[in-house]
Amino acid sequence: MALEWLVVLPFVGAALVALAARHARALATWIAFATALFGLGLLLSERVGMPTYGVMQWRREWVPEIGLALSLRLDGLSFMFALLVLAIGLLVFIYARYYLAGSDTLPRLYLLLLLFMGAMLGVVLSNNLLLLVIFWELTSLVSFLLIGFWPARPDARRGARMALTITGAGGLALLAAVLLLGHVCGSFELNDVLAQTGKIQHDPLFPAILLLTLFAAFTKSAQFPFQFWLPHAMSAPTPVSAYLHSATMVKAGIFLLARLYPVFEGTSWWAYSATLAGLVTLVGGASMALFQRDIKGLLAYSTISHLGLIVLLFGLDTQLSTVAALFHTVNHAVFKASLFMAAGIIDHETGTRDLGRLRGLAKYMPHTAVLAGVASLAMAGVPLLNGFLSKEMFFGETLAQGMFGPFNWAIPVIAIAAAALSVAYSLRFVWGVFFDGAAPRDLPHYPPHEPPRFMKLPVEILVVVCLLIGLFPQRTIGKMLESAAWFTLGGKLPDYSLTLWHGVNTPFVMSVVSFAAGALLFVLRRDAFRHHRSLLSDMNASEGFDRLVQRLEKAAAVVVRVFETRSLPDYLAWMIAAMIVVPGTAFVALGAWGGDFVRLPIDTITLCGLVLMALLAVGVVMVRTHTLYALVMLSTCGLLVTLAFARFSAPDLALTQVSVEVVTVLLLVLAIYFLPNLQTAIEPIPTRMRNGALALAGGALLGSVAYQVMTRPPAQGIAPYFLANALPGSGGHNVVNVILVDFRGFDTMVEVSVLVVAGLAVKALLRGLRLKASDTGPGGLPWSSQSHPLLLAILARLMLPLTALVAVFVFLRGHNLPGGGFIASLILSIALLLQYVASGVLWTESRIRINYRALAGLGILVAAATGLGSLAFGHPFLTSAFGHLHLPLIGEIELSTAMLFDLGVLGAVVGTTLTIVSHLGVRDKDLQSVEKS
């Protein structure tokens, strides 16, 4: 039970923050802090009771038909990443309380950070790959909101848009890779996928799976050529950078590579792709970091470089390089989070992040200088700090690889160069900000001073962790790293030693050389600055990205000019033509015409009905300029369709059709009342010929398809299953209704949700609209002097209770006889619509005081709660249950959870319909009379 709460808890915390007062900074802080602290305690308590290589799993079915399940897994690898998410998140929550100004909406920041924490925990704990994709996309969406937290800033909007575009594309690639994996393995469960690694690697789809997965990981973890979005994300508040861009979001791609490493290891596709991308990112990011003036820009490019180092270690594809990659993942998260927080303190206390203006701050901020100095040295890989140990392992693995033959020497040399660059930019950060001798100049906040005590506390904790891991690696991180590596390597573990000193060996010599070269480069940095513009192009793929976006916009403009003619008939013509051509081509390719079924004779009544329907349809087209006549013909045609359903034994469809027909006619009557009396334009001959050709082609295609289907025996489908299981499985004799609320309840819920969203959209479009009814109706005839005829009003009021009683009757019998929630909602909507038509909106709403929007929302909540209730009993979402109850005098009655679902459908449909009508039917003169009164 605790495992699912690890994922749910941050979302609960986010909901509590959302419910708190908008400016309740202290309350929001305590909620966020308590959420992260409780989650961290829960994670540690669960791990304590597990063996080193133990696995804890939890699973609930969600949509089993597509293999999607709420399936979670806690093992050594997921524990390590979940610990980073929760522990650093806890420190970021403390830090953010003092970083954001009072004018900023701190509760909104906590809300988004908690949502992101929940999404990241979902990614690292998912045991179902489809579920992982859902959480993966959620991280992209929430990061978009976090990076654009200050929407008034153009750089924030640009950075958020760029990050969402790149990581969103990676999410689509991951979905494609997961679908291919599920196709190959026959399951989306991680357990099943990892058990079939050999089968996956020998499948023809393996290269596509690998490349799509790498694309997803590279976009999320800012690897070449997708690295350019991360520096632009530095427009986010520093707490966001410290959390997303050091410990969580950019580590999601690393986690994906680690989780699927057993699937890809040992293949040349994997080794060369990851190695080359990691090498370019490692050196390019380090090079660009050295030349940044913005300290957050320096840290962003150094993050890119270190992420490239981790990907390179995975690509070297040795067991020990994988251990080193995991080790450096933890080390980088710790020292980079502390450095981002230190950068935020500098910005907070001085008002700038410009290295050209920051200097000599050690005199004013000695405590911060010590903390930032230790974290920077850890980033540079100085002995006695955590970064040194993983860097030594990295150097050793570059010497052990042999994938490039005679050019194997290139990788160690590149590694030394990248390490030298990391030393140089680390020294530039510390020396340039704190120890450059000269006094700071042009600071917005002068003189600078130390931040509040608790703002430094998270940095102090992280710096102490850097020291403890560096001094006592085996005691602090040994067991966790061992367990994470064991699961990453698929149950294998190489011999290695986490000790402070391994003696004077080749990796140590490489470290010394990198220190010396980095120090020399730092001393000569001014010469490098003068020449770097001619040597480097800023790895500026961001300009290429902007050019690509501009070209896409120009291409879209061309398409818009061709197709967007602002003519509804033209739009409909294109849509109908597409709907004819695409299926029509496939239909013609079949080649067969007519089946072997014996045709039933057409009786006289049916033939007359068909002919009358056809004549009415033609009549609607002929008299379309006379709207009332056309509406009468259209409604009569709908009534004949209703009779056809009843004639061919479809009573549910007949009831639905007649209800929809009445509601539609009433709405059209309202629309006609408000339509202006304009002269109808006569279409030119070519337009009428086009419309006629489309109508004939569409009718011929639909008629042909219907004929083909009805003259052939039906394929063995799912109808026999529904007929056989409707009564024993759901307790209902009405198979149609059982399908809607039991077997296909999820479809019904989605459709009703779409209806509610459409109703809210219509309400938004009509908000503030003052409808001016014309003095004359269609054809120039004047409207009646009585806006609301007395006889119609009396009849409508008499019909309201009777119609409501019919709706209740139809609702209660729906599970066993024709009826149900949807039909009952239409009948009840008709009764209420008549009140609006007969007596007006203002009169009706003064007596029927119902918030229709709330009713629609409540309906959706009731339907969803009914579906979620089944999860509490271990059944899939929207699983129904039924039973029988004996009542005195009444007898035995059936109770079914489907009735609650149907009740939710009723509330949603009635609420949506009346929401639209209550905004459509208010006349301008009624508003004026209300305003005068």
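The values are calculated or read from the model by the stated rules, or taken from the named source; none is laboratory data. The shown structure was predicted, so the numbers you read here are calculated from the model rather than taken from an experiment. Here the Cβ positions follow ideal geometry from the backbone for every residue, glycine too, while neighbour counts run over all protein chains shown.
The set of residues from region 478-499 being surrounded by fewer than 22 Cβ atoms within 10 Å (Cβ to Cβ), within 34 Å of the chain's Cα centre (by Cα) and over 18 Å from G387 (Cβ atoms) comprises E482, W486, L489, G490, G491.
Of all residues in region 866-902, which are aliphatic (A, V, I, L, M) and in contact with a helix residue (DSSP H, G or I) (Cβ under 6 Å, 6 or more places away or on another chain)? Quick ask: steps written out before the conclusion?
Of the residues in region 866-902, the ones aliphatic (A, V, I, L, M) are 868, 871-872, 878, 881, 885, 887, 889-890, 893, 895, 898-900.
The answer is L878, A881, A898, L900.
In region 584-604, the residues that are at pLDDT below 75 and surrounded by fewer than 10 Cβ atoms within 10 Å (Cβ to Cβ) reach residues that are part of a helix (DSSP H, G or I) and not hydroxyl-bearing (S, T, Y) with C-beta atoms within less than 9 angstrom, at least six apart or across chains, in these pairs: A592/Q708; W593/Q708.
Rundown of residues vs (1) crowded, with 19+ Cβ neighbours inside 10 Å; (2) within 23 Å of the chain's Cα centre (by Cα), yes/no style:
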site: L9; (1), (2): yes, yes
site: V17; (1), (2): yes, yes
site: A20; (1), (2): no, no
site: G41; (1), (2): no, no
site: V55; (1), (2): no, no
site: L72; (1), (2): yes, yes
site: V85; (1), (2): yes, yes
site: Y99; (1), (2): yes, no
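Could you pull out every one of the helices (runs of 4 or more DSSP H) wholly within region 302-419 that has 1 or more residues that are without any contact (Cβ under 8 Å) to a residue 12 or more places away in the chain and more than 32 Å from the chain's Cα centre (by Cα)? Passing ranges, in order: 366-380. Among residues of region 616-631 being among the hydrophobic types (A, V, I, L, M, F, W, C), at pLDDT 85 or above and more than 46 Å from the chain's Cα centre (by Cα), the one that is surrounded by the most Cβ atoms within 10 Å (Cβ to Cβ) is L616. E683 meets each of the listed conditions (1) of a type in the set (D, E, K, R); (2) surrounded by fewer than 15 Cβ atoms within 10 Å (Cβ to Cβ); (3) under 26 Å from I830 (Cα atoms) apart from (3). From the list R441, R475, the lone residue that is farther than 20 Å from L339 by Cβ, loosely packed, with under 13 Cβ neighbours inside 10 Å and touching a residue at least 12 places away in the same chain (Cβ under 8 Å) is R441. L427 - would you say it is part of a helix (DSSP H, G or I), buried (at least 19 other Cβ atoms within 10 Å of the Cβ), within 40 Å of the chain's Cα centre (by Cα) and in contact (Cβ under 8 Å) with a residue 24 or more places away in the chain? For L427, the condition - part of a helix (DSSP H, G or I), buried (at least 19 other Cβ atoms within 10 Å of the Cβ), within 40 Å of the chain's Cα centre (by Cα) and in contact (Cβ under 8 Å) with a residue 24 or more places away in the chain - is not met. Of the residues making up region 105-120, those that are among the hydrophobic types (A, V, I, L, M, F, W, C) and closer than 19 Å to F38 by Cα are L111, L112, L113, L114, L115, F116, M117, A119, M120.
Would you mind stating whether S241 is of a type in the set (S, T, Y), touching a Leu at 6+ places or on another chain (Cβ under 8 Å) and either touching a residue at least 40 places away in the same chain (Cβ under 8 Å) or under 22 Å from T197 (Cα atoms) (or both)? Can you show your working first?
Details: of a type in the set (S, T, Y): yes; touching a Leu at 6+ places or on another chain (Cβ under 8 Å): yes; either touching a residue at least 40 places away in the same chain (Cβ under 8 Å) or under 22 Å from T197 (Cα atoms) (or both): yes.
In short, yes.
Residues that are over 30 Å from G490 (Cβ atoms), aromatic (F, W, Y) and surrounded by 21 or more Cβ atoms within 10 Å (Cβ to Cβ) do occur in region 101-115, at least one of them.
Examine region 250-265 for a residue that is closer than 16 Å to I147 by Cβ, in a helix (DSSP H, G or I), under 22 Å from the mean Cα position of the chain (by Cα) and not hydrophobic (A, V, I, L, M, F, W, C), and state whether such a residue exists. Among the residues of region 250-265, not one is closer than 16 Å to I147 by Cβ, in a helix (DSSP H, G or I), under 22 Å from the mean Cα position of the chain (by Cα) and not hydrophobic (A, V, I, L, M, F, W, C), which makes the answer no. Per the conditions (1) of a type outside the set (S, T, N, Q); (2) in contact with a strand residue (DSSP E or B) (Cβ under 9 Å, 6 or more places away or on another chain); (3) surrounded by 17 or more Cβ atoms within 10 Å (Cβ to Cβ); (4) farther than 30 Å from M749 by Cα, the sole criterion not satisfied by M50 is (3). Of the conditions (1) within 30 Å of L74 (Cβ to Cβ); (2) part of a helix (DSSP H, G or I); (3) touching a helix residue (DSSP H, G or I) at 6+ places or on another chain (Cβ under 6 Å), G285 clears all except one; give me its number. Just one mismatch for G285, condition (1).
Return a yes/no flag: does region 573-582 have any residue that is surrounded by fewer than 10 Cβ atoms within 10 Å (Cβ to Cβ), without any contact (Cβ under 8 Å) to a residue 60 or more places away in the chain and in a helix (DSSP H, G or I). Walk me through it before giving the result.
Going residue by residue through region 573-582, those that are surrounded by fewer than 10 Cβ atoms within 10 Å (Cβ to Cβ) are none.
No, region 573-582 contains no residue that is surrounded by fewer than 10 Cβ atoms within 10 Å (Cβ to Cβ), without any contact (Cβ under 8 Å) to a residue 60 or more places away in the chain and in a helix (DSSP H, G or I).
Taking the stated definitions as given, is L760 touching a Lys or Arg at 6+ places or on another chain (Cβ under 9 Å), among the aliphatic types (A, V, I, L, M) and farther than 25 Å from Y629 by Cα? Reasoning before the result, please.
On the way: touching a Lys or Arg at 6+ places or on another chain (Cβ under 9 Å): yes; among the aliphatic types (A, V, I, L, M): yes; farther than 25 Å from Y629 by Cα: yes.
Yes.
When only residues in region 358-385 that are of a type in the set (S, T, Y) and modelled with pLDDT of 90 or more count, which is farthest from L290 (Cα to Cα)? Show your work before the answer.
So in region 358-385, the residues of a type in the set (S, T, Y) come out as 364, 368, 376.
Right, trim to modelled with pLDDT of 90 or more and you get 368, 376.
Values: T368: 22, S376: 13 Å.
By that ranking, first place goes to T368.
Looking across region 821-851, the residues that are hydroxyl-bearing (S, T, Y) and modelled with pLDDT under 85 come down to Y836, S839, T844, S846.
Would you please name the residue that is nearest to G344 (Cα to Cα), looking only at residues in region 447-501 that are in a helix (DSSP H, G or I), in contact with an Asp or Glu (Cβ under 8 Å, 6 or more places away or on another chain) and not hydroxyl-bearing (S, T, Y)? Write out each step before concluding.
We begin by selecting, within region 447-501, every residue in a helix (DSSP H, G or I); these are 453-471, 473-488.
Subset that is in contact with an Asp or Glu (Cβ under 8 Å, 6 or more places away or on another chain): 456, 483, 487.
The next check asks that each one be not hydroxyl-bearing (S, T, Y); those that pass are 456, 487.
Numbers: K456: 10, F487: 36 Å.
Only one residue tops the list, namely K456.
Kindly check whether there is at least one residue in region 271-285 that is touching a residue at least 60 places away in the same chain (Cβ under 8 Å), among the polar types (S, T, N, Q) and surrounded by fewer than 24 Cβ atoms within 10 Å (Cβ to Cβ).
Yes, the conditions are met somewhere in region 271-285.
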